[in-house]
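Here's the structure, in structure tokens; my notes come after.
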Amino acid sequence: MSIRDVYIVDAVRTPIGRFGGALSAVRPDDLAAHVVRALVDRVPALDPARIDDVYFGDANGAGEDNRDVARMAVLLAGLPTSVPGVTVNRLCGSGLEAVIQAARAIAVGDASVAVAGGVESMSRAPWVLQKPERAFPAAHQQLHSTTLGWRMTNPRMPAEWTVSLGEGAELVADKHALTREQQDAFALASHRKAAEAWGKGLYDGEVVPYPGVDLARDECIRDTTSMEALAKLKPSFRSEGGTVTAGNASPLNDGAAALLLVDEEGLRETGREPLARIRASAVTGIEPQLFGLGPVEAVRRALEKAGRSFADLTTFELNEAFAAQSLGCLAEWPELDPEIVNPRGGAIAIGHPLGASGARLAGAVAHQLAAAGSGTGLAALCIGVGQGLALVLER
């Protein structure tokens with residue numbers, strides 16, 4: 001069996017909304033449907049019935065996104081009912097996992113045309129109540145927020161594995177002796193690059209605002225922030241000696257993203273020149289509390305599979321879950337030029353809607369390669385509970 005080439009024809013995303021912000025009144029299945037519909041509308045030569053499957057990442061799935069949000073997006077977007085959909089969950093890497101699974105299906109001939117993406121509404125993530133162990137409990141029962149992080153943790157898990165995500169970032173800062181000032185400077189650069197990219201219209205070709213919502217650009221970008229303003233923020237996870245703050249970490253967000261993937265036959269049907277070609281991917285595991293360093297080995301393996309090195313990269317989208325986590329990864333890639341990382345800003349400024357972020361990163365790399373005309377790009381994320389995921393694209 002021959003392996004087929006897989007191409008990204010187009011990629012779109014919503015502006016990323018802040019927690020409780022402009023997109024908080026929009027259901028996650030509606031966010032997903034919006035980007036699917038917008039993506040299909042941008043390729044009018046393609047009959048939507050030709051879509052073999054829709055893959056969507058969704059990290060929480062505990063609320064309005066609970067009933068296979070990929071299939072719900074297909075139906076709400078008005079695609080033919082013959083188009084199936086599957087929802088995948090690799091936590092923060094879910095959107096990129098969806099892209100990888102769609103690409104894999106096309107590569108082995110199981111599909112010719114697929115949509116891949118991701119969605120998350122952290123604003124609308126519900127509280128959940130476990131069923132009591134016996135009927136009619138007399139004591140109070142606990143509600144668990146499904147917005148982010150550990151809940152209903154298995155007591156058999158070692159305590160060091162189940163620290164908060166922020167404490168995990170502090171552990172990475174400890175490991176690499178990262179100062180508060182280094183982390184704040186990284187965060188400031190993220191905001192400045194994102195604001196500059198929006199000002200230059202670099203996101204105009206990929207962002208599709210949600211109808212009826214007054215949100216034209218990513219809501220968490222702070223154009224006027226400064227080192228002085230960031231320095232005033234208190235550490236969020238360690239009262240003594242902490243370095244991780246709300247200012248040098250990604251916020252809680254709402255948003256969705258989608259990409260159109262095809263083989264050679266599907267490409268001819270679209271009548272389009274592809275943005276990029278998918279070259280290789282890799283996933284790895286690490287100790288859960290050091291999840292922030294998950295991308296380190298995944299990136300190395302993906303590049304090795306692609307027959308490429310750090311020197312070959314022209315752009316690299318690394319998800320900024322925390323400044324400490326990103327700086328820790330960069331410290332372990334001394335061969336990498338940090339100037340090519342997140343050239344249009346990262347998640348600290350843009351936002352991190354969990355299930356959507358990986359698809360946003362893949363789409364961003366594809367658009368950047370298309371703008372450059374050629375090159376090799378990479379998208380990677382750290383993942384809670386200790387994993388890393390990476391994807392290599394080429395043009």
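The values are calculated or read from the model by the stated rules, or taken from the named source; none is laboratory data. Predicted model, so just to flag it, every value in this text is computed and none were measured. Here the Cβ is made from the backbone with ideal geometry for all residues, glycine too, and neighbour counts use every protein chain on show. Heavy atoms of the whole protein, side chains included, go into the accessibility calculation; ligands, DNA and RNA do not. Shrake-Rupley method; radii C 1.70, N 1.55, O 1.52, S 1.80 Å.
Annotations
- Candidates ARG301, ARG192, ARG134: whichever shows maximal mean-square fluctuation once the chain is modelled as a Gaussian network with Cα springs under 10 Å: ARG134
- Each semi-axis of the equivalent ellipsoid for segment 1-143 is √(5λ) with λ an eigenvalue of the Cα gyration tensor; in descending order they amount to 33, 18, 13 Å.
- Accessible area per residue for segment 270-328 is 35 Å², calculated with a 1.4 Å probe on protein heavy atoms, without ligands, DNA or RNA.
- Cα gyration tensor shape of segment 30-111, rounded if a/c is under 1.5, else prolate or oblate by comparing a/b with b/c: oblate
- Gyration tensor verdict on segment 57-101 (Cα atoms; rounded if a/c is under 1.5, prolate if a/b is larger than b/c, oblate otherwise): oblate
- Each Lys and Arg adds +1 at its Cβ and each Asp and Glu adds -1 at its Cβ; summed about the Cα centre, the chain shows a dipole of about 480 debye.
- Lys, Arg +1 and Asp, Glu -1 on Cβ, resulting dipole of segment 101-169 about Cα centre, debye, nearest 20: 240 debye
- Put simply, when 165-173, 358-366, 107-115 are sorted by average Cβ atoms within 10 angstrom per residue, most first, you get 358-366, 165-173, 107-115.
- Ligands, DNA and RNA are left out, and with a 1.4 angstrom probe the accessible area of segment 202-264 is 48 Å² per residue.
- Each 20 Å bin from zero holds the following percent of Cα-Cα pairs in the chain: 30, 59, 11, 0.
- Leading residue at positive end of dipole, segment 183-310 (Cβ point charges), from CYS220, ALA257, PHE237: PHE237
- Highest-MSF residue in the chain out of ALA306, ALA349, ALA73 [GNM, Cα springs under 10 Å]: ALA306
- Accessible carbon and sulfur surface of the chain relative to its total accessible area, %, 1.4 Å: 51 percent
- Hits among aspartates and glutamates - C-alpha to C-alpha of LYS193 under 12 Å, sequence gap 8 or more where chains match: ASP223, GLU339
- Per residue, in Å², the accessible surface of segment 136-181 once ligands and nucleic acids are set aside, probe 1.4 Å: 66 Å²
- Cα-projected label distance for ASP312 with ARG151, points at 7 Å along beta-carbon direction, nm: 4.3 nm
- In the chain, helices alone account for a calculated mean residue ellipticity at 222 nm of -9500 deg cm²/dmol, with every DSSP H run of four or more residues adding -39,500 (n - 2.57).
- Using only side-chain charges placed at the Cβ, +1 for Lys and Arg and -1 for Asp and Glu, the dipole size of segment 57-187 relative to its Cα centre rounds to 440 debye.
- Residues listed by number, segment 1-42, amide nitrogen under 19 Å from GLU264 label point at 7 Å toward C-beta: 1-9
- For segment 123-261: rounded, prolate or oblate by the Cα gyration tensor [a/c cutoff 1.5]: oblate
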